[in-house]
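The values are calculated or read from the model by the stated rules, or taken from the named source; none is laboratory data. Remember, predicted model here, so these are calculated numbers, not experimental data. As a convention, Cβ positions derive from the backbone with ideal geometry for all residues, glycine included, and neighbour counts pool all protein chains shown.
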Amino acid sequence: MRKAASTALAFFIVIGFGCTQERSLTERKTEPRIVFAHFKVPSPETLSGLIEAFERQNPGVKVIEEILPASTDQQHQFYVTALEGRSAAFDVFALDVIWVQEFARAGWLLDLSPRLGGERLAEFLPGPVEAATYNDRIHAVPWFANAGILYFRKDLLSKYGFAPPRTFKELSHQAVTILAGEQDPDLKGFVWQGKQYEGLICVALEFIHGNGGSVLEGHHSALRDKQAVEALQLMHDLIAINKVSPPLVTSADEEATRHLFGAGRAIFMRNWPYALALYEQEGSKVRGKVGIAPLPSFEGYQSAPTLGGWLLGVNRFSTRPDLARKLVEFLTSQAAQKALAIKLGFPPARDALYHDAELKMANPFISPLYEAMRRARPRPITPFYLMISQVLQPELSAAIMGVKPPERALEDASRLIEHILKLEVQ
Amino acid sequence: MRKDEIRPALLMILPACLFIGALAIFPILHAFRISLDRRMPVFGISYFVGLDNYRFLLQDPRFWQSFLNTAYFSLLSVSLELALGLLLAILLHGSFRGRGLFRAVVLIPWAIPTVVSARMWEWILNPDFGLLNYLLQQIGLLSSPLNWLGDRVLAMHALILADVWKTSPFVALILLTGLQMIPEELYEAARVDGAGRWQIFRRITFPLLLPFILIALLFRTLDAFRIFDLVYVLTGGGPANTTETLSLYAYKLLFQTLQFGYGSAVAVATFLTVLLISAAYISLLRRQHHG
């Protein structure tokens, strides 16, 4: 018995010793290493190539990529769990535009203002900069941008002599005229994302902002205002009264609408720019027939697409903040954003790139997006955004379905939103 | 049990008790503990509030709506699954050519992971490209396609349909086992006595199958009450929260908006409801057993 115990003990000592020795060896071998956590990008070679270039510029530095699950919910959970425990397991990470305020308030993001203040900010589009600013400090650097755009069927519009619509009224009129003229039971007018999920909020905000309304004014809800009520009423009417939008939009997400428009079965679609390149691929039924324009607005107001996209931030608990900040600056540089726009089609977050001749040549889809990107407005800028979103989703869904009149849905949402905003005061 | 047997017996069940304690009882108690806090770590909020979360819950219309949604879903889907499962079990119990193959085929829906079958149903139910609308239009039951997942009455029933498709084979499997346990002699004796088919079913098959029916009901009701993945994929709780279930609401509170205190209260309420249902079934089973 005693012999067995001492053998076991010796065994564990050897194993333990082996481990410690191994660790000290690797530590010596790879000096500064930083971890970059991000979602999986399409054709990852482009990003890895950029990272290798960074390593060549900084000899001896090793960047490890930590790739997270595709769902943004899961990424959010991962970051919150890790940062709550003050984890230094990653140094640089990709942030959805709607998380920056929340994480900045929690004190999890390194303040990047000292290196990034003033003029250098002007190089970026205004929407992403607004999303990155919390208490007048910059907490993340815009990586690439996204914004809702209007897709339309060039062939159908020109057949009826229409120019792309500037207002929702024009859009309705055009859709009704074309639907009546075509007599095709499979053809729909205007499709958008009306399922009860985050996408519905993006669309509803385009209607609300496009009517001069907003969600928040300071610590109060602005949703009781006439502008917001009118906006939701129109969304409801498009389906139930004007029959411009088919009832199926109430269960549609991005992909459902993309397939419908891609099958040549819709005249207008609201979606993100990603569908554009897919429609121009060989074998696409709508190849050469797709036009894009800024989203319509209400009469007398300007187009107000919702901002999407990602930013890069530095973990406040990182043990190598300087190196991490350098990587963020490198990956958000003009050259890096240009490479991502050419190879992956990510719309740049830097203004100047939309006028870059080489980029325009390589990716003809980029420059028509400029107006939408310039005008893109973030979702409500507040650390409590995710809670507000959860309150809004069912109420917006109820209003467009006609389950509740818009006034009541917005009143109910307002009451809950104001309850949430009280957290800030506490 | 003799006195000297007690100590070794206790020692032997100790590992099982520790295991259950660590994996089941501790997390439940911990969830209950957290449900007494207002806890939102992202916002630096964490303090004891006693029963406040439960007081809020009782007046939370969203909680009650998800409670009713869940109850409606469970009641309808479990009844249909039981009826269909019984029918399938009787069919599978009979002897016919290709029975083995048929039994295997029937089990396929049960073998597919829910998230995968939910994606499949997403396409079947698609209002524009979906198979279901196409079939119903072909046989003349529908004149125009229905918006299954975007209609406030249809959406819940579409979910029930997908759930019935998936889990009826499971019920059939349990009931088939029950049918096979009934001794053939009983049927022979009944036939000799001149009993008709319906009489045989009512007097022999059904009473002897009852414990199995109750077990199937217990399993299925508990599962249905915790339904999450199907709803998460197909509707996300919409339209207008008409399909939001208790688990989905708790998930949104806990993992999307990180309200750990209140989210735990909703989870505990779900747990207590499930516990009550189980207790009711088990007492029924017992009574049936003794009676």
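The set of residues from the range B:122-155 being touching a residue at least 60 places away in the same chain (Cβ under 8 Å) and at the interface with chain A (Cβ under 8 Å from one of its Cβ atoms) comprises B:LEU149, B:GLY150, B:ASP151, B:ARG152, B:ALA155.
The residues on offer are B:ALA104, B:ALA89, and the sole one that is without any contact (Cβ under 8 Å) to a residue 24 or more places away in the chain, more than 14 Å from chain A (Cβ to nearest Cβ) and farther than 30 Å from A:PHE261 by Cα is B:ALA104. Put simply, of B:ASP151, B:ASP163 the only residue that is acidic (Asp, Glu), modelled with pLDDT of 90 or more and outside any loop (DSSP other than H, G, I, E, B) is B:ASP163.
Within the range A:60-95, the set of residues being touching a residue at least 60 places away in the same chain (Cβ under 8 Å) and within 13 Å of another protein chain (Cβ to nearest Cβ) comprises A:HIS76, A:LEU83, A:ARG86.
Out of A:ALA240, A:ALA266, A:ALA222, which single residue is surrounded by 22 or more Cβ atoms within 10 Å (Cβ to Cβ), of a type in the set (A, V, I, L, M, F, W, C) and at negative phi?
Details: A:ALA240 fails: surrounded by 22 or more Cβ atoms within 10 Å (Cβ to Cβ); A:ALA222 fails: surrounded by 22 or more Cβ atoms within 10 Å (Cβ to Cβ).
Only one candidate passes the filter, namely A:ALA266.
If I filter the range B:212-232 for residues that are within 8 Å of another protein chain (Cβ to nearest Cβ), among the β-branched types (Val, Ile, Thr) and crowded, with 24+ Cβ neighbours inside 10 Å, do I get at least one hit? No; the residues of the range B:212-232 include none that is within 8 Å of another protein chain (Cβ to nearest Cβ), among the β-branched types (Val, Ile, Thr) and crowded, with 24+ Cβ neighbours inside 10 Å. Applying the criterion of at least 1 residues that are over 24 Å from B:LEU58 (Cα atoms) and under 12 Å from the mean Cα position of the chain (by Cα) to the helices (runs of 4 or more DSSP H) found wholly in the range B:195-252 leaves B:206-225, B:229-234. Taking the range A:360-388 as the range and being assigned to a helix (DSSP H, G or I) and in contact with a Pro (Cβ under 8 Å, 6 or more places away or on another chain) as the test, the residues that pass are A:LEU369, A:GLU371, A:ALA372, A:MET373, A:ARG374, A:ARG375, A:ILE388.
Looking across the range A:390-417, just one residue is hydroxyl-bearing (Ser, Thr, Tyr) and more than 8 Å from chain B (Cβ to nearest Cβ), and that is A:SER414. Every test in (1) part of a loop (DSSP other than H, G, I, E, B); (2) touching a residue at least 24 places away in the same chain (Cβ under 8 Å); (3) among the basic types (Lys, Arg) is passed by A:ARG270 save one, and that test is (1).
Among the residues of the range B:2-25, is any touching a Ser or Thr at 6+ places or on another chain (Cβ under 9 Å), among the hydrophobic types (A, V, I, L, M, F, W, C) and either at pLDDT 95 or above or assigned to a helix (DSSP H, G or I) (or both)? No - not one qualifying residue is present in the range B:2-25.
Looking at B:PHE96, B:PHE63, B:PHE48, B:PHE73, can you tell me which residue is away from chain A (no Cβ under 14 Å), within 19 Å of B:PHE225 (Cβ to Cβ) and not β-branched (Val, Ile, Thr)? Working first, answer last.
On the way: B:PHE96 fails: within 19 Å of B:PHE225 (Cβ to Cβ); B:PHE63 fails: away from chain A (no Cβ under 14 Å); B:PHE48 fails: within 19 Å of B:PHE225 (Cβ to Cβ).
Result: B:PHE73 is the single residue among B:PHE96, B:PHE63, B:PHE48, B:PHE73 that is away from chain A (no Cβ under 14 Å), within 19 Å of B:PHE225 (Cβ to Cβ) and not β-branched (Val, Ile, Thr).
Number of residues in the range A:244-255 that are at the interface with chain B (Cβ under 10 Å from one of its Cβ atoms), surrounded by fewer than 24 Cβ atoms within 10 Å (Cβ to Cβ) and within 15 Å of A:CYS202 (Cβ to Cβ) equals 2.
So is A:ILE420 within 14 Å of chain B (Cβ to nearest Cβ), in contact with a Phe, Trp or Tyr (Cβ under 7 Å, 6 or more places away or on another chain) and part of a helix (DSSP H, G or I) or not? Here the answer is yes, as A:ILE420 does meet what is asked.
In the range A:400-423, the residues that are free of Cβ contacts under 8 Å to residues at least 40 places away in the same chain form Cβ pairs under 7 Å with partners that are surrounded by 18 or more Cβ atoms within 10 Å (Cβ to Cβ) and small (Gly, Ala, Ser), at six or more places apart or across chains, as follows: A:VAL403/B:ALA240; A:LYS404/A:ALA398. For the range A:105-114, residues that are more than 23 Å from B:LYS252 (Cβ to Cβ), crowded, with 17+ Cβ neighbours inside 10 Å and within 13 Å of chain B (Cβ to nearest Cβ) total 1. Would you confirm, using the coordinates I've provided, whether B:LEU175 is crowded, with 21+ Cβ neighbours inside 10 Å, under 22 Å from the mean Cα position of the chain (by Cα), in a helix (DSSP H, G or I) and within 14 Å of another protein chain (Cβ to nearest Cβ)? Criteria not met by B:LEU175. B:GLU185 meets each of the listed conditions (1) among the acidic types (Asp, Glu); (2) touching a residue at least 60 places away in the same chain (Cβ under 8 Å); (3) assigned to a helix (DSSP H, G or I) apart from (2).
Note on the range B:236-261: residues that are polar (S, T, N, Q), within 7 Å of chain A (Cβ to nearest Cβ) and either on the phi < 0 side of the Ramachandran plot or surrounded by fewer than 23 Cβ atoms within 10 Å (Cβ to Cβ) (or both) amount to 2. Residues in the range A:67-96 that are over 23 Å from B:LEU253 (Cα atoms) and touching a Ser or Thr at 6+ places or on another chain (Cβ under 6 Å) were compared, and the one that is surrounded by the fewest Cβ atoms within 10 Å (Cβ to Cβ) is A:ALA88. Of the residues that make up the range A:369-384, is at least one of a type outside the set (Phe, Trp, Tyr) and within 11 Å of another protein chain (Cβ to nearest Cβ)? The answer is yes, given that some residue of the range A:369-384 is of a type outside the set (Phe, Trp, Tyr) and within 11 Å of another protein chain (Cβ to nearest Cβ). Within the option set B:VAL78, B:VAL115, being within 14 Å of chain A (Cβ to nearest Cβ) and under 18 Å from the mean Cα position of the chain (by Cα) holds for one residue only, B:VAL115.
Quick one: is B:PRO183 at pLDDT below 95, exposed (fewer than 14 other Cβ atoms within 10 Å of the Cβ) and under 24 Å from B:ARG103 (Cα atoms)? Reasoning before the result, please.
On the way: at pLDDT below 95: yes; exposed (fewer than 14 other Cβ atoms within 10 Å of the Cβ): yes; under 24 Å from B:ARG103 (Cα atoms): yes.
So B:PRO183 passes the test.
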